[in-house]
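Computed from the coordinates by the stated procedures, all read-outs in this text should not be read as laboratory data. Predicted model, so just to flag it, every value in this text is computed and none were measured. With ideal geometry, Cβ positions are generated from the backbone for all residues, glycine too; neighbour counts draw on all protein chains shown.
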Amino acid sequence: MKKIVFVVCAFLFIGWAKAQDLQKNSFEISAFRNTGNGHNPVSSMLNYGISLNYNRYLFKRWNVGAGWGFGDFNGKGYNGLFEKFYEFKSNRNYTQYHVRLGFEPIQTKRFILGVQAEFLRFSYNGISEIIIGGPGQPGDDPRRVTLGRSRVSGGFFGPYGVFNFSESFFLRGNYLIGIPVLNYDWRCTNMSLGVGYRF
């Protein structure tokens, strides 16, 4: 056990000593896939699309970033007490933005391994008003709904990896786990894979 701890510490120390003087700024385009599951009531969602991101190194190992994305919203079950996720599939208009803080304990010429904390907020068209009809009232459907903008925020944490094709071009992958704010029955994951340019 002591040998394993020693090898890991030595590897991290060597990586720390060889920190890169990377270019400070980078742009990235990535494909994302966000999933979530709730238990009260039982429901799930799947969001996927394209995100445009900007990242900047504050120091050799610390970086901050922000991004904006758009895509599709899909779900099963319910959101809250009334809205069925599967209603209005073609009119969701999903968008998201995030800000993140990353730290990279391992940096080599070709590969970077880091951890990051991220705040993610996404929006989509949802039900803002429901009117329940009854027998004898006009209209084929006794229930009338009005769409409004629903917004959900959450905190995420997890690892990311960067593979450098060259000094300027790279491939980046993220895997984050999080919980939406004020909704602790939900568990979400956020995965993305993108290509970027560093300058």
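Length gain on complete extension for the stretch LYS24 to THR108, per 0.36 nm per residue less the alpha carbon to alpha carbon distance? Kindly include the intermediate steps, with their values, before the conclusion.
On the way: separation 84, 0.36 × 84 = 30.24 nm, distance 1.61 nm.
Result: 28.6 nm gained on full extension.
Gain in length, PHE163 to LYS60, computed as 0.36 nm per residue apart minus the alpha-carbon separation, to one decimal in nm? Provide the component values of the computation, followed by the final result.
On the way: separation 103, 0.36 × 103 = 37.08 nm, distance 1.67 nm.
The PHE163-LYS60 span can extend by a further 35.4 nm.
What does the charge count around GLY102 come to, taking other residues whose C-beta lies under 10 Å from its C-beta (Lys +1, Arg +1, Asp -1, Glu -1)?
Residues close to GLY102 contribute a combined charge of 0.
Between PHE70 and PHE199, with labels modelled 7 Å along Cα→Cβ, what's the label distance in nm to one decimal, could you check?
2.4
Relative to a virtual label point 7 Å from the Cα of THR189 in the Cα→beta-carbon direction, which members of segment 43-68 show backbone nitrogen distances below 18 Å?
43-49
Please give the contour-minus-distance gain from ALA117 to VAL99: 0.36 nm per residue of separation, less the Cα-Cα distance, rounded to one decimal in nm.
Working: separation 18, 0.36 × 18 = 6.48 nm, distance 0.86 nm.
Gain on extension, ALA117 to VAL99, equals 5.6 nm.
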